[in-house]
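Right, one structure below, let's go through it.
The values are calculated or read from the model by the stated rules, or taken from the named source; none is laboratory data. None of the values given here were measured: they were computed from a predicted structure. Cβ placement follows ideal geometry from the backbone for every residue including glycine, while neighbour counts extend to all protein chains displayed.
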Amino acid sequence: MLVAEKISLNYVSEDLFEDLSFSFCGKDKKRIAIVGKNGCGKSSLLKIILGEIKPNAGKIKIYNDSVAYIAQEVDFGKASLIGEYLEGGLENIWEDYRIDIALEKVGLSQDYLIRDPETLSGGEKIKLALAYILLKDPSIILLDEPTNNLDQEGIMWLENFIRNFSGSIIVVSHDRKMINSAMKEIWELSNEEKGIIKYTGNYEDFLIQRKETFDRRMHDYLASKKKIDKLENWIKINQKIMPFSSMLAQRKRSLARIEKDAQEKPEADQKIKLGFLGKNEEGRMLIIDIKEKYFGNRKVLNNIYFKLYNEDRILLTGRNGSGKTTLLNIISGKDTDFIGKIDGLEKAKIAFMQQFSQLDRSKRLLQEFEDKTGFSGAVSRSVLANYLFGSDRIDDRVENLSYGELRRLDLAIILAKKPNVLILDEPTNHLDIFAREELESFILEQEIPMIIVSHDRYFVEKIGANKILKL
């Protein structure tokens, strides 16, 4: 059994959660998705369960269960070959036959044993990390944002793995389709509540229950406020008329009791506010004509030709390794080593949100934003506040930001440049559900051409691409 007893965690001066308690067994076959705003402590909670982070109060106990964990970024350590990495998951080296069994369970061949970890796609890395932890025969698995960098085939494979695993699984995820498909409970880690709000069902059930909870709390708050206002007015009027009456004393006691038990006003979700970009009047923006692109002797792109017009929303698809990011690097001007040409670049002001953040982790948040944008002073602070970086956060070091906060800062920087062409490579990776919803609305309201790579199926359905380019 996994037991959390009144655990609390604070970061600097901010309390992330307090007196958090829960328990379950591996044999319960739990399928729990943990959701919440970026920076609320979701990944930290997993690390507390593992013992990698010590809570400020409370403790974790594990009885007759074993827990395994896959982080957001799979670490193969110093292993130069996959076989070497997997051997590290064995207690006894003469049990190496179990490696073949683990590989089979995750759908990979023995050929992977002699491959270099650096050559693997995101989906292959997740599968091999799962093979590694299966060697330890865990009854509870913790997964932190496992769908990031997976293609659709990889995500569907992972969903099937989650559904069929014999033990319990906790997943930190903002992948709404995966939550709908594979999860049976949702725990929302709430900064306002300083704890977990539990919901039964999938993502659609969560949305309904969450709104019902908010509406009920707002109703209770308004009812209490009405009673308090009425009593305060009565006391104010009668205080001078009958200052020593038993009725006045009784009303004061009633007011104190109601104020003590009153529901606090529920706060609506604080959402990012993305800036609006101007419409380009040129009509046709870019003509992309790439004859060939090589990496060494390997041809990665061949005869890619398409036109990008104003208000085009092109979804770029293909398996991991098909050349999507390479094509985006060429269009954005980051890669000029190719055969072909791109017409219209002289009038294009391209903003490229890359799949992995390029921010300088050694700087403070405000400094990095100003260095990248050229903004300063009150303007910088105002823009950052729109991305939920208030005055209490702007002096944080970039290295201390969560992955989701890094993505929000990436968005703040690229949109501040007022581009007339927007290129987004897996833009929802690490963003929380609320930020994803705002990004979806933002994209639908813009009138500039966009090229988007995303394996977030919910996001893809929402943005309604008018063209699909498959590599």
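Can you tell which of 307, 372, 293 is closer than 30 Å to residue 404 by Cβ and surrounded by 14 or more Cβ atoms within 10 Å (Cβ to Cβ)?
Values: 307 fails: closer than 30 Å to residue 404 by Cβ; 293 fails: closer than 30 Å to residue 404 by Cβ.
So the residue among 307, 372, 293 that is closer than 30 Å to residue 404 by Cβ and surrounded by 14 or more Cβ atoms within 10 Å (Cβ to Cβ) is 372.
This table checks each residue for (1) polar (S, T, N, Q); (2) touching a Phe, Trp or Tyr at 6+ places or on another chain (Cβ under 8 Å); (3) at positive phi; (4) at pLDDT 90 or above.
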residue: 345; (1), (2), (3), (4): no, no, no, no
residue: 349; (1), (2), (3), (4): no, no, no, no
residue: 358; (1), (2), (3), (4): yes, no, no, no
residue: 363; (1), (2), (3), (4): no, no, no, yes
residue: 372; (1), (2), (3), (4): no, no, no, yes
residue: 376; (1), (2), (3), (4): yes, no, no, no
residue: 385; (1), (2), (3), (4): no, no, no, yes
residue: 398; (1), (2), (3), (4): no, no, no, yes
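Sort out which residues of segment 347-369 are charged (D, E, K, R) and closer than 13 Å to residue 406 by Cα, and write them in order of number. Lay out the reasoning, then the answer.
The first filter runs over segment 347-369 and keeps only residues charged (D, E, K, R), leaving 347, 349, 360-361, 363-364, 368.
Of everything in segment 347-369, those that are charged (D, E, K, R) and closer than 13 Å to residue 406 by Cα turn out to be 360, 361, 363, 364, 368.
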(request) Please specify each residue of segment 224-249 satisfying the condition of being of a type in the set (A, V, I, L, M) and either closer than 14 Å to residue 262 by Cα or touching a Phe, Trp or Tyr at 6+ places or on another chain (Cβ under 8 Å) (or both). (result) 228, 231
(request) Could you list all residues from segment 433-452 that are of a type in the set (A, V, I, L, M) and in contact with a His (Cβ under 9 Å, 6 or more places away or on another chain)? (result) 433, 435
(request) Would you mind stating whether residue 289 is over 19 Å from residue 446 (Cα atoms), at pLDDT 85 or above, among the acidic types (Asp, Glu) and touching a Gly at 6+ places or on another chain (Cβ under 8 Å)? (result) yes
(request) Filter segment 21-38 down to the residues that are in contact with a Ser or Thr (Cβ under 7 Å, 6 or more places away or on another chain) and either assigned by TED's automatic domain parsing to the domain that holds residue 432 or closer than 16 Å to residue 196 by Cβ (or both), then identify the one that is surrounded by the most Cβ atoms within 10 Å (Cβ to Cβ). (result) 33
